[in-house]
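The values are calculated or read from the model by the stated rules, or taken from the named source; none is laboratory data. These numbers come from a predicted model, not from an experiment. Cβ sites come from the backbone with ideal geometry, for glycine too, and all protein chains shown count toward neighbours.
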Amino acid sequence: MLSGTATNGRKITTLVLNKPDAKLEYVPPAPFGALVLWSGRPERAAVKALAKRLLEGGCGFATLRAGKFTEKLHGWFDEAVVDHQLKTNRDAELDTTGDAESSMEEACREAVFDAMPAYEKPYTDLLVLAIGPEAQSESEQAHALAQKVERE
């Protein structure tokens, strides 16, 4: 687990998950934003389960990055939110964003500066989750970038 502070004062906590269902060592106080970095091919059930865990933990905004699989990751996160709204809490919200063409720096910039509820001030905490075969190197890169990235 790595901790730090972004240029805009947001607290950053970075975790590496060997498996998407691994126990989270830390979850920021709700509400918080997340940057989810998924290396390798995501599986629908695992993505939806992780999205549900984040939603239930108080995540309100997630920037998603999975290379060529970003669109699938994004769709499955959104499915999990809708399922949760229909079955559990219709007022639950977890906005998602992500672009397969975004660089790591662009994803970090978006997570640091744009992860916020629609009508309120930015979340004070950002949880960076790196999952998959490249998780360790991606987590270190994202953590360093999130601490120095500037608004464009």
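Taking each residue of segment 65-83 that is surrounded by 14 or more Cβ atoms within 10 Å (Cβ to Cβ) and looking for partners that are in a helix (DSSP H, G or I) and β-branched (Val, Ile, Thr) with beta-carbon atoms closer than 7 Å, six or more apart or interchain, yields Leu73/Val47; Trp76/Val47; Phe77/Val47.
Could you identify the single residue in Leu86, Leu94, Leu73, Leu55 that is in contact with a Cys (Cβ under 9 Å, 6 or more places away or on another chain) and more than 20 Å from Leu145 (Cα to Cα)?
Values: Leu86 fails: in contact with a Cys (Cβ under 9 Å, 6 or more places away or on another chain); Leu73 fails: in contact with a Cys (Cβ under 9 Å, 6 or more places away or on another chain); Leu55 fails: in contact with a Cys (Cβ under 9 Å, 6 or more places away or on another chain).
Just a single option satisfies the conditions, and that option is Leu94.
Out of Ala46, Ala62, report the one residue that is more than 21 Å from Glu105 (Cα to Cα) and either in a helix (DSSP H, G or I) or within 12 Å of the chain's Cα centre (by Cα) (or both). First the steps, then the outcome.
Working: Ala62 fails: more than 21 Å from Glu105 (Cα to Cα).
So the residue among Ala46, Ala62 that is more than 21 Å from Glu105 (Cα to Cα) and either in a helix (DSSP H, G or I) or within 12 Å of the chain's Cα centre (by Cα) (or both) is Ala46.
Screening segment 18-41 for residues that are modelled with pLDDT of 90 or more and within 18 Å of Met104 (Cα to Cα) and picking the one that is farthest from the chain's Cα centre (by Cα) gives Arg41. Listed by first and then second residue, the pairs with beta-carbon distance under 7 Å, at least 6 apart or on different chains, first residue in segment 126-142 and under 22 Å from Leu94 (Cβ atoms) and outside any strand (DSSP E or B), second modelled with pLDDT of 90 or more and of a type in the set (Val, Ile, Thr), are Ala135/Val16; Ser139/Thr14; Ser139/Val16; Ser139/Val128; Ala142/Thr14; Ala142/Val128.
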